[in-house]
Amino acid sequence: MMSRWVKLIAIALLSLFLVCPKAEALPLATTNTPMTALGQINSDTELIPSQSLTTPAQNFASSSLPYDARLIDIGSVNSDVRLDIRYATENNFLKRKVYPVARCVLRGSAVRRLSQVQEDLEKRGLGLKVYDCYRPLSVQRLMWQIKPDSRYVANPARGSRHNRGAAVDLTLVDSNGRELPMPTGFDDFTERAHRNYNGASAEAKKNRKILEDAMKKYGFIPLPTEWWHFDAPDWNKYAVLNVGFGEIPQ
């Protein structure tokens, strides 16, 4: 009797398997992962940090990606852009070193534009000095804890344009690398840093305008509350990242 019931159950299970359609397998993550997972998103999408944002950094430097979407070190494109990466030192409003290395890494599109600005300024005996470029989301969270003011620090719940690799903080230097006078120093969280502040010296306002005009010429968008901050025009195409500098190829 038991043998008969076992046979009947086996026949029923076999019939069910033959009738029912096969379930589609879930796709595996590979180097051909869609661009959303690799850090490029549609311009109308507001991406909140998720697991897809921690894709291994080598994907962002892969030649299989469009150049504009890759993370590129400015030094590999234009070594004349000077660096003073403040968050790789204790000379910042956090009063601590939060970057392990002093690097300016940006999306390829922003790197190309920044190099063009440098080349243009050199014709006038001037140049750029960079304070900050790509910033991991983990550092953004730390900044928000200390300065939760959206006029100066982006809320990490939405992410900063720095976290997308599509914003740069910088100033002007002369041909010898000396910084030119500006209305304030870097990360001065007062109205004196605003672009419409008129209380600065004539020389500082002139230099502020030279920098702003040079950056806007190549598509960068100035932030109203910080004379040093500029966004790449295509910043909203890219996802927020939390990739460590050590994971990004030189």
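The values are calculated or read from the model by the stated rules, or taken from the named source; none is laboratory data. All values derive from a computational prediction rather than experimental measurement. Positions of Cβ are generated from backbone atoms using ideal geometry, with glycine treated the same way; all protein chains shown enter the neighbour counts.
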Problem set entry | Residue list for the stretch 112-126, filter: crowded, with 23+ Cβ neighbours inside 10 Å and in contact with a Lys or Arg (Cβ under 9 Å, 6 or more places away or on another chain) | Val117
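To keep it simple, each residue is scored yes or no on (1) more than 15 Å from the chain's Cα centre (by Cα); (2) not in a helix (DSSP H, G or I).
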| position | (1), (2) |
| --- | --- |
| Asp68 | no, no |
| Asp80 | yes, yes |
| Val98 | yes, yes |
| Gln118 | yes, no |
| Arg164 | no, yes |
Exercise. Take the residues of the stretch 215-238 that are part of a helix (DSSP H, G or I) and in contact (Cβ under 8 Å) with a residue 60 or more places away in the chain: which is surrounded by the fewest Cβ atoms within 10 Å (Cβ to Cβ)?
Worked result: Lys217
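Any residue that is in contact (Cβ under 8 Å) with a residue 60 or more places away in the chain, under 23 Å from Ala232 (Cβ atoms) and surrounded by fewer than 18 Cβ atoms within 10 Å (Cβ to Cβ) - is there at least one of those in the stretch 134-142?
So far as the stretch 134-142 goes, yes, one or more of its residues are in contact (Cβ under 8 Å) with a residue 60 or more places away in the chain, under 23 Å from Ala232 (Cβ atoms) and surrounded by fewer than 18 Cβ atoms within 10 Å (Cβ to Cβ).
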Exercise. Looking at Leu211, Leu241, which one is surrounded by 14 or more Cβ atoms within 10 Å (Cβ to Cβ), part of a helix (DSSP H, G or I), of a type in the set (A, V, I, L, M) and touching a helix residue (DSSP H, G or I) at 6+ places or on another chain (Cβ under 9 Å)?
Worked result: Leu211
For this session: Determine whether the stretch 226-249 contains at least one residue that is of a type in the set (S, T, N, Q), at pLDDT 95 or above and out of contact with any strand residue (DSSP E or B) (no Cβ under 8 Å at 6 or more places or on another chain).
Result: no
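Rundown of residues vs (1) part of a strand (DSSP E or B); (2) in contact with a helix residue (DSSP H, G or I) (Cβ under 7 Å, 6 or more places away or on another chain); (3) farther than 20 Å from Val105 by Cα, yes/no style:
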site	(1), (2), (3)
Gly159	no, yes, no
Gly177	no, no, yes
Pro181	no, yes, yes
Gly185	no, no, yes
Exercise. Residues Arg112, Arg103, Arg192: which one is among the basic types (Lys, Arg) and in contact with a Pro (Cβ under 8 Å, 6 or more places away or on another chain)?
Worked result: Arg192
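Yes or no, residue by residue, for (1) under 20 Å from Pro249 (Cα atoms); (2) polar (S, T, N, Q):
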position	(1), (2)
Leu71	yes, no
Ser109	yes, yes
Gln116	no, yes
Leu128	no, no
Ile146	no, no
